[in-house]
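The values are calculated or read from the model by the stated rules, or taken from the named source; none is laboratory data. Worth saying up front: this structure is predicted, and the values here are computed from it rather than measured. No Cβ is skipped: glycine too gets one built from the backbone with ideal geometry, and neighbour counts run over all protein chains shown.
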Amino acid sequence: MLLSETLERVIRVLLVSDPQKFSLRELANEAEVNLSRAAIEVNRLHATGYVEKRPYLKVLRKDDLLRMFAHSWSINAIPKITFESLERPAYLIKLISQLAKENKLKYAFTMLSGAELIAPYAVPTTTHLYIKKQQKESWTELLEKNDIYISERPEHGNLILLLWHEHIFYGKQVVHDAHVVSNPQLFADLFSSGGLYRDSALKLEKVMKFV
């Protein structure tokens, strides 16, 4: 990952919240980072022309900042647990949403599973979602009760649980009772994967301009 965790959080808040303006302290609180670290990252973004600092913080070049975020992000670098299921993604999306609601678990779909709910481009064959690291045992137990098991060959799995810190859920959306990461995060996940996923990201980008 080319981004520090602090910069990742700061950029996510700025992209999700634009055109909202922030004081430095408000931004640090939203990003859940130390005030001095937030100041360092904001100064870097200001020096490269992405943000204005006074009288309040605001994004100046949102499209460029989004692309920078996507180019610096790598979903493939995120730890994951891979499961195998005979069910199709459409069914898994409904099942996971139901299990999470019943058991008070945090999650958010991404990649083509998320795009399918926001800006459909290609039918997903694999279901991707972020979960809280601390809840991976709960998810594993619930999925096994539904005959979905950890794959012995991860490359053949079709249900991917991504383990990242909780700020990944910042700005998450609820679509048809399913939770999806914010549009900027969804774009970065898709764009960083190249190929068909990048094409889906570009479709999403067009939708984002009208939101």
* Structure fact -> Only one of (1) touching a strand residue (DSSP E or B) at 6+ places or on another chain (Cβ under 8 Å); (2) at pLDDT 95 or above; (3) small (Gly, Ala, Ser) does not apply to Gly171, and that is (1)
* Any idea which residue in the range 114-128 is modelled with the lowest pLDDT, counting only those that are surrounded by 22 or more Cβ atoms within 10 Å (Cβ to Cβ) and over 17 Å from Pro184 (Cα atoms)? -> Pro124
* Asked: If Met111 satisfies every condition in (1) surrounded by fewer than 18 Cβ atoms within 10 Å (Cβ to Cβ); (2) of a type in the set (A, V, I, L, M); (3) at positive phi but one, which is the exception?
  -> (1)
* Within the set of pairs 6+ apart or on separate chains, which have a first residue in the range 23-41 that is farther than 14 Å from Lys58 by Cβ, a second that is assigned to a loop (DSSP other than H, G, I, E, B) and hydroxyl-bearing (Ser, Thr, Tyr), and C-beta atoms under 9 Å apart? -> Ala31/Tyr170; Glu32/Tyr170; Arg37/Ser4; Glu41/Ser4
* To do: State whether one or more residues within the range 81-88 are assigned by TED's automatic domain parsing to the domain that holds Ser182, at pLDDT 95 or above and under 16 Å from His165 (Cα atoms).
  => yes
* Structure fact -> Going through the range 1-23 in order, the residues found to be within 20 Å of Glu205 (Cα to Cα), outside any helix (DSSP H, G or I) and modelled with pLDDT of 95 or more are none
* Asked: In the range 189-204, which residue that is among the charged types (D, E, K, R) and in contact with a helix residue (DSSP H, G or I) (Cβ under 6 Å, 6 or more places away or on another chain) is surrounded by the most Cβ atoms within 10 Å (Cβ to Cβ)?
  -> Asp189
* Structure fact -> Taking the range 24-49 and keeping residues within 21 Å of the chain's Cα centre (by Cα) and either in a loop (DSSP other than H, G, I, E, B) or at pLDDT below 95 (or both) leaves Glu32, Val33
